[in-house]
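Student: Could you have a look at this structure, given as C-alpha cells, before my questions?
The values are calculated or read from the model by the stated rules, or taken from the named source; none is laboratory data. Worth saying up front: this structure is predicted, and the values here are computed from it rather than measured. Glycine also receives a Cβ, built like all others from the backbone with ideal geometry; neighbour counts cover every protein chain displayed. Keep in mind that these areas ignore ligands, DNA and RNA; they rest on the heavy atoms of the full protein, side chains included. Shrake-Rupley method; radii C 1.70, N 1.55, O 1.52, S 1.80 Å.
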Amino acid sequence: MASPLLASAADEDTGRKLFTSVTPACALCHKLKDAEAEGAVGPSLDELRPDQARVAKALKNGIGQMPAFPQLSEAEVQALARYVERAAGR
C-alpha cells in the first residue's frame, strides 16, 4: 500500500496534468500560477480560490460559459478539484 504522502504527490501530479490537458484545457480559460496558466476568459482561480466541492460541481455540471466535463471519471474530477483547491491557496 502506498504511503499517504506518495498518494498525495501522485494525485497532485494527476490534477496538474488534467488542468493543462483535458479538452478543453482549464488553462486556456483560467489563470492559475501553479500551473503556469494565463487564461483570461474565465475567472482567475488564484483570486477566486474555490474549494474542492465548488470545482467538482463546476466540472460535473458546467457553470456560466464553462462547459461540463462528462468525459472525466469521478476519480479524475476529484483529483483535479483537489489540485485546484490546493494550488489556488485555500
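Student: Among the residues of the stretch 12-37 satisfying the criterion of being closer than 15 Å to A88 by Cβ and charged (D, E, K, R), which is modelled with the lowest pLDDT?
Tutor: Looking at residues that are closer than 15 Å to A88 by Cβ and charged (D, E, K, R), I get E12.
Student: While we're on this one: Assuming K17 fulfils every condition listed in (1) part of a helix (DSSP H, G or I); (2) in contact (Cβ under 8 Å) with a residue 24 or more places away in the chain apart from one, which condition is it?
Tutor: Among (1) part of a helix (DSSP H, G or I); (2) in contact (Cβ under 8 Å) with a residue 24 or more places away in the chain, the lone unmet condition for K17 is (2).
Student: Considering only the stretch 54-62, I want to know if a residue exists there that is polar (S, T, N, Q) and either open to solvent by 70 Å² or more (accessible area, probe 1.4 Å) or modelled with pLDDT of 95 or more (or both).
Tutor: Yes, the stretch 54-62 contains at least one residue that is polar (S, T, N, Q) and either open to solvent by 70 Å² or more (accessible area, probe 1.4 Å) or modelled with pLDDT of 95 or more (or both).
Student: For residues in the stretch 10-36 being over 19 Å from R49 (Cβ atoms) and of a type in the set (D, E, K, R), which is least open to solvent (accessible area, probe 1.4 Å)?
Tutor: Only one residue fits best here, namely D11.
Student: Suppose we filter the stretch 32-61 for residues that are part of a helix (DSSP H, G or I) and over 20 Å from T14 (Cβ atoms); how many remain?
Tutor: Number of matching residues: 4.
Student: Further question: Could you give me the residue pairs with C-beta distances under 7 Å whose first residue belongs to the stretch 69-80 and is surrounded by fewer than 19 Cβ atoms within 10 Å (Cβ to Cβ), whose second residue is modelled with pLDDT under 95 and hydrophobic (A, V, I, L, M, F, W, C) wherever it lies, and which are 6+ apart or on separate chains?
Tutor: L72/V22
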